[in-house]
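K.L.:
Here it is, the structure, as structure tokens.
The values are calculated or read from the model by the stated rules, or taken from the named source; none is laboratory data. Everything numeric here is computed off the predicted structure, so don't read it as measured data. Using ideal geometry, Cβ is built from the backbone for each residue, glycine included, and neighbour counts are taken over all protein chains shown. The area values use the complete protein model at the heavy-atom level, side chains included, leaving out ligands, DNA and RNA. Shrake-Rupley method; radii C 1.70, N 1.55, O 1.52, S 1.80 Å.
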Amino acid sequence: MALSASGSFKGRRVLLCVTGGIAAYKTPELVRRLVKAGCEVEVILTRAAEKFVARLALSTLSGQRVWREEDLLSDEHGFEIPHIRLAEWAEAAVVAPCTANTAAVLAQGRADGLIGAALLATRAPVLIFPAMNAHMLEHPATQENLRTLAGRGVRVVEPAVGALACGEEGRGRLPEPEEIAEEVFRALTPKDMVGLHVLVTAGPTREYLDPVRFISNPSTGRMGLAMAREAWRRGAEVRVVLGPIEAHCSLHGLEIIPVVSALEMRDAVMDSLSWAQAIVKAAAVGDYRAKERAERKVKREGREEISLELTQNPDIAAEVGRAKHPDQILIGFAAETDDLLHNARAKLERKGLDAILVNDVLAAGCGFASETNTLRLICPVGEDEVFSGLKEDVARAVWSSLVGRGLFPMR
Ligand SMILES: Cc1cc2nc3c(=O)[nH]c(=O)nc-3n(C[C@H](O)[C@H](O)[C@H](O)COP(=O)(O)O)c2cc1C
């Protein structure tokens, strides 16, 4: 199945309410990301927010007019009943940044502005991102308001810790636009993996020969992280044992266990085995490591040739396959260059896997370092399926198929 290469959230409708904190400067970038993912975005600004971010920037990036709080009762727009129209239109409503003042307005259920009224009227999930001076955040009044909102089912996303605009250090920073966008995508995703514990391995391993040289492979971790991200969006708790990669995406919401070598990856996976209900082995684990690792840098002088003696690393998937309980699901990946189907089916059986995803790493637009992939899903029973597209879209289709096949007994 060729998956559409357009934005993964095409036509999904997001209401963004921007309130008067200095962090409002991050919202044009947030709108850009949502629109790039295919979302339609309507924006409401408070009067205070207009001091911190330009309406023109937000209307240009969203391609829509930007609403004002007073449009609730304006002669010009009041007749459109904008609070009801926006409330019913939205599939997710986001307040970012959310000031202490707006948190109080929402906690009281006030409807004297467009934001308060629209958020009372909507049935869409509401997410708020409080951002303020650390003392304002810690104040019992603010804390009580945030607890009240959380108790009503609003997702209150913890502010980040760091340098605040007021010059202090502490909790109160608005998360980065990429992280806010991730929360929005999660809110827009149907939750069919709620509470499932998913352990994913991703990225390459490095097998050091001496302190400055290693054997590795070109894995970027993209496919494994796409699987992790999609499981998180569907409501799973996700732990990622991650080999050394260049940062290329937000790890927001994922519990990351960083490792370097195959031995470290094996230990981290075995430590998490009793926690996991589904294990996805997407890392490109080195099959061999140096038999002896030099303590100090190996010098070239006087050595025309050197020989490396390698020894085999443990086969983590096979070890997990032997150790796992029957109700734990093990999903493997196979990066093959020859005889794909035969090798993948043999691996499925030999390693006790419940499913294997195989790709031809020599094919164009596939495998290592590519943003796209073509994967064949093979299970012991049922038809094979082939998915092709952006790794993010392939991951979504793979989880849909696995959930649809009833692979998770607790669902
Ligand atoms: C320079 C400046 C920065 C501000 N930053 C914040 C902030 O980050 N968070 C916050 O809760 N209030 C902040 N305030 C105070 C709000 O702007 C003020 O409470 C306003 O009434 C909020 O209105 P609104 O919730 O309708 O947007 C700031 C005020 C100023 C002057």
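K.L.:
How many residues does the stretch 160-198 contain that are within 15 Å of LEU30 (Cβ to Cβ) and without any contact (Cβ under 8 Å) to a residue 60 or more places away in the chain?
P.N.:
1
K.L.:
Would you mind finding the one in VAL241, VAL285 that is open to solvent by less than 50 Å² (accessible area, probe 1.4 Å) and touching a Leu at 6+ places or on another chain (Cβ under 8 Å)?
P.N.:
Criteria check complete, one pass: VAL241.
K.L.:
Across the stretch 100-114, what is the number of residues that are surrounded by 24 or more Cβ atoms within 10 Å (Cβ to Cβ), more than 16 Å from GLY153 (Cβ to Cβ) and under 28 Å from the mean Cα position of the chain (by Cα)?
P.N.:
Count: 1.
K.L.:
Can I ask one more? Looking at this structure, is LYS291 of a type outside the set (A, V, I, L, M, F, W, C), under 19 Å from THR205 (Cβ atoms) and at pLDDT below 95? Working first, answer last.
P.N.:
On the way: of a type outside the set (A, V, I, L, M, F, W, C): yes; under 19 Å from THR205 (Cβ atoms): yes; at pLDDT below 95: yes.
Yes; evaluated as a whole, the condition is true for this residue.
K.L.:
In addition: From the list ARG233, ARG222, ARG229, ARG155, which one is charged (D, E, K, R), touching a helix residue (DSSP H, G or I) at 6+ places or on another chain (Cβ under 9 Å) and surrounded by fewer than 22 Cβ atoms within 10 Å (Cβ to Cβ)?
P.N.:
Answer to the check: ARG155.
K.L.:
Follow-up question, since we're still on this one. Please find, among ALA268, ALA276, ALA294, ALA247, the residue that is outside the structural domain of VAL157 (by TED's automatic domain parsing), among the aliphatic types (A, V, I, L, M) and outside any loop (DSSP other than H, G, I, E, B). Give the derivation first.
P.N.:
Numbers: ALA276 fails: outside any loop (DSSP other than H, G, I, E, B); ALA294 fails: outside any loop (DSSP other than H, G, I, E, B); ALA247 fails: outside any loop (DSSP other than H, G, I, E, B).
Just one listed residue meets the conditions, ALA268.
K.L.:
Taking only the stretch 120-132 into account, find how many residues are surrounded by fewer than 19 Cβ atoms within 10 Å (Cβ to Cβ) and in contact with an Asp or Glu (Cβ under 9 Å, 6 or more places away or on another chain).
P.N.:
Result for the stretch 120-132: 3.
K.L.:
Still on this structure: Return yes when GLU371 is in the same structural domain as ALA278 (by TED's automatic domain parsing), modelled with pLDDT under 85 and either under 22 Å from the mean Cα position of the chain (by Cα) or among the small types (Gly, Ala, Ser) (or both) and no when it is not.
P.N.:
The answer is yes for GLU371.
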